[in-house]
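Have a look at the structure below before the remarks.
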């Protein structure tokens, strides 16, 4: 008997999609009202869950809760889908080792696009994980390719399409795109394209990479910096469990780079060490001028990082 574990709120588009797809497929639905990693693991084992959906933050906490186990010990779990945020590469790589027989799928979409518009399927995950080619292996953190019914373009600030590997705003077009809310005007342009307000890029093969919300871009001295790019480098450090990078007011630069770091249990790491890592992997303009170490980062009930809360706290501490 197939059973789907739903641990995201049913009012969220991902929760609605998980419930509707389970009903359509005839799966028994198991609801976890209040997420905890230990509760998720216990329920998945007890109910012999075969399908589940999580957000990246949930998956990170699940693999942390499993600790040094060589396996997740969830033999019934055939498919694990995730979405709703950018997936750190160390998290998905560790998850695939803990769940070797589970098919992973990354689904990207918005409420305004009636959920999924791009998918990185199980075969893509395995091909990327097995590759020694950096460009191919990097696809494990992409959201895959757009659905056949969806057109995707990356556009610059003037609205012009950019080439492969270049960053910009993700625009989408297709019959499932509504782009509007009741009582508000539609955000769909006259040409049928909808601006998602998500930043990203596409490689030459059409794999889509999410960089974060356009509104979260840090403008330092006239240069646009992606918080996600800096966060990826910080998360590569084995002493960093979680992190958030934001822009805080700066008299010299307009905005300065600041970071909140959660250290892995039992590990130690210093600000200077992390600043040197970012400088080595990127360049000096991306180095956080301010680094604070927190016990945890603020997330909402759907697993979204409350970046505005991080920004307010770091800006307040800086002043």
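The residues listed here are 110, 66, 80; of these, the one that is within 23 Å of residue 6 (Cα to Cα) and crowded, with 21+ Cβ neighbours inside 10 Å is 80. Would you check which residues across region 109-121 are under 25 Å from residue 235 (Cα atoms) and modelled with pLDDT under 95 and list them? The one that is under 25 Å from residue 235 (Cα atoms) and modelled with pLDDT under 95: 109. Considering region 160-180, the residues that are more than 26 Å from residue 224 (Cα to Cα) and touching a residue at least 40 places away in the same chain (Cβ under 8 Å) include one that is surrounded by the fewest Cβ atoms within 10 Å (Cβ to Cβ), namely 180.
One residue alone among 102, 196, 116 is touching a residue at least 12 places away in the same chain (Cβ under 8 Å), crowded, with 18+ Cβ neighbours inside 10 Å and over 16 Å from the mean Cα position of the chain (by Cα), and that residue is 102. Among the residues examined, residue 206 does not qualify as touching a residue at least 40 places away in the same chain (Cβ under 8 Å), assigned to a helix (DSSP H, G or I) and in contact with a strand residue (DSSP E or B) (Cβ under 9 Å, 6 or more places away or on another chain).
Summed over region 270-319, residues that are within 30 Å of residue 14 (Cα to Cα) and either assigned by TED's automatic domain parsing to the domain that holds residue 84 or touching a helix residue (DSSP H, G or I) at 6+ places or on another chain (Cβ under 7 Å) (or both) total 5.
Of the strands (runs of 3 or more DSSP E) lying entirely inside region 217-319, those containing at least 2 residues that are in contact (Cβ under 8 Å) with a residue 24 or more places away in the chain and over 25 Å from residue 141 (Cα atoms) are 240-250, 254-263, 290-293.
Picking from residues in region 238-257 that are within 14 Å of residue 91 (Cβ to Cβ) and out of contact with any helix residue (DSSP H, G or I) (no Cβ under 6 Å at 6 or more places or on another chain), the one that is surrounded by the most Cβ atoms within 10 Å (Cβ to Cβ) is 242.
Please determine whether any residue of region 202-211 is within 22 Å of residue 165 (Cα to Cα) and modelled with pLDDT under 90. Yes; the residues of region 202-211 include at least one that is within 22 Å of residue 165 (Cα to Cα) and modelled with pLDDT under 90.
Listed conditions (1) modelled with pLDDT of 95 or more; (2) surrounded by fewer than 19 Cβ atoms within 10 Å (Cβ to Cβ) are all met by residue 157, apart from (1). Residues that are closer than 17 Å to residue 76 by Cα and in contact with a strand residue (DSSP E or B) (Cβ under 6 Å, 6 or more places away or on another chain) do not occur anywhere in region 33-43.
For residues in region 20-55 being surrounded by fewer than 22 Cβ atoms within 10 Å (Cβ to Cβ) and touching a helix residue (DSSP H, G or I) at 6+ places or on another chain (Cβ under 7 Å), which is farthest from residue 108 (Cα to Cα)? If we take residues in region 20-55 being surrounded by fewer than 22 Cβ atoms within 10 Å (Cβ to Cβ) and touching a helix residue (DSSP H, G or I) at 6+ places or on another chain (Cβ under 7 Å), then 38 is farthest from residue 108 (Cα to Cα).
The values are calculated or read from the model by the stated rules, or taken from the named source; none is laboratory data. Given the structure is predicted, the values throughout are model-derived calculations rather than measurements. Virtual Cβ from ideal backbone geometry, glycine too; neighbours counted across all protein chains shown.
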